[in-house]
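Only one structure is covered here, and it is reproduced in the block below.
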Ligand SMILES: [Zn+2]
């Protein structure tokens, strides 16, 4: 096989794999719904990460609607960022958390007024709450042609092409060294993440980590330098693992768009299986981390509220707990959401955990909710504390999920004079149009070296007519459906069975 054929083969193979998922479909969905947790913002700069106020030019994501994930990746990232800030100190441009997953477990889609929907990432790539984009730790945001520029390198521009403003066109890939990367912090962050992957997760935490080639090079160089200096207990095995999991492979689609972020794909681990005790320990570490941060934020308080927004099949609730280093002094606790009833915690041994449902109002407006907690100590003294929690918008369309077997294709052949005419159409639930951006019918003619004919219905229609070339037979017809301009899959309309 020559290399060109091999490349095409690999591309097709990859596409076939990805075609199992698309925007509108969660590729991890297997009949059971996963529980997601929302990440709004760090509690303080001590957390060692940040979020952007909004989507930035050049593709740096900030929309809070798309920061849902399974709970464990959030725990892992928060702990790792916190440890990085603890060891290396806080900094002006820490890692920014970009897009994760939508609340419905799917890859985020931009819906700008008057424009067709567009997937913010390759179809399926941000599904399942186990895919997180992380901006890099940077030393400056001042780019060659824009400020802020979240890229790790100055040189991510074409030397021949220009954009609409006549400036060199962005190629979304470092063309030179990662000169604005905060090498030490970035390397330390990856080191902690991979140490967790190797032990306690026994190489099962991370599936792949997409990075720009020049960022990977800078990080690996820094880690080898530290290893030579005997710092941070860096083994050859760990470096080898990092080298194989951190990918910038072009044919897999990792080479581009990672100049300003790394895509961390976690394994879709069960939290009740063999890793249950490890997850419990990490959650305990996360509570300890929050306690330290809240103690610093509210020094006048003895106890604090830990509040997490959770969503299961788009039903939302708040998971509330008390944090205190004088936990044994607390005898009971109750919570109130806004003006609702006070609800008692029934789990004293579990930080007085309490779940309060959030009413399902559609559409749900983006808002900040107030949570109060009242606790009583051993001497009968009652104390009331409160905190706010951000809740993103929810809309009816979040429920839409494209199921391929609900798309039905039909054909009819009509004889007109000497010509054979094929009429084809597809039927599907009307709300699928929320994601469908294009339909094409592809005609394969038997024993012809020509490329198959691709026919697009007029306007927003679904129906086409095709006149069969004289003395030739149609071997196969496929309806090719495109979702959010990013993902295509095919439905057979007609297959010859001669
Ligand atoms: Zn990504």
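No value in this document is a laboratory result; all are computed from the given coordinates. These numbers were taken from a predicted model, which means no experiment stands behind them. Positions of Cβ are generated from backbone atoms using ideal geometry, with glycine treated the same way; all protein chains shown enter the neighbour counts.
At a glance:
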{"quantity": "Residue check, residue 122 more than 19 Å from residue 71 (Cβ to Cβ), surrounded by fewer than 23 Cβ atoms within 10 Å (Cβ to Cβ) and within 11 Å of the ligand (Cβ to nearest atom)", "calculated": "yes"}
{"quantity": "Within region 99-147, tally of residues that are assigned to a strand (DSSP E or B) and either within 8 Å of the chain's Cα centre (by Cα) or over 18 Å from residue 50 (Cβ atoms) (or both)", "calculated": "8"}
{"quantity": "Residue 447 on the phi > 0 side of the Ramachandran plot and not in a strand (DSSP E or B)", "calculated": "yes"}
{"quantity": "Criterion (out of contact with any strand residue (DSSP E or B) (no Cβ under 8 Å at 6 or more places or on another chain) and within 16 Å of the ligand (Cβ to nearest atom)) met by exactly one of 228, 178, 255", "calculated": "255"}
{"quantity": "Selection within region 47-69 - touching a helix residue (DSSP H, G or I) at 6+ places or on another chain (Cβ under 8 Å), in a loop (DSSP other than H, G, I, E, B) and buried (at least 23 other Cβ atoms within 10 Å of the Cβ)", "calculated": "48"}
{"quantity": "Residue that is nearest to the ligand (Cβ to nearest atom) [pool: residues in region 148-163 that are surrounded by fewer than 20 Cβ atoms within 10 Å (Cβ to Cβ) and part of a loop (DSSP other than H, G, I, E, B)]", "calculated": "148"}
{"quantity": "Number of positions in region 475-492 that are in a strand (DSSP E or B) and surrounded by 21 or more Cβ atoms within 10 Å (Cβ to Cβ)", "calculated": "7"}
{"quantity": "Which listed residue, of 90, 80, 75, 84, is surrounded by fewer than 22 Cβ atoms within 10 Å (Cβ to Cβ) and outside any loop (DSSP other than H, G, I, E, B)", "calculated": "75"}
{"quantity": "Residue 169, sole failed condition from (1) surrounded by fewer than 20 Cβ atoms within 10 Å (Cβ to Cβ); (2) part of a strand (DSSP E or B); (3) within 16 Å of the ligand (Cβ to nearest atom)", "calculated": "(3)"}
{"quantity": "Where residue 400 falls short, out of the listed (1) out of contact with any strand residue (DSSP E or B) (no Cβ under 7 Å at 6 or more places or on another chain); (2) surrounded by 11 or more Cβ atoms within 10 Å (Cβ to Cβ); (3) free of Cβ contacts under 8 Å to residues at least 60 places away in the same chain", "calculated": "(3)"}
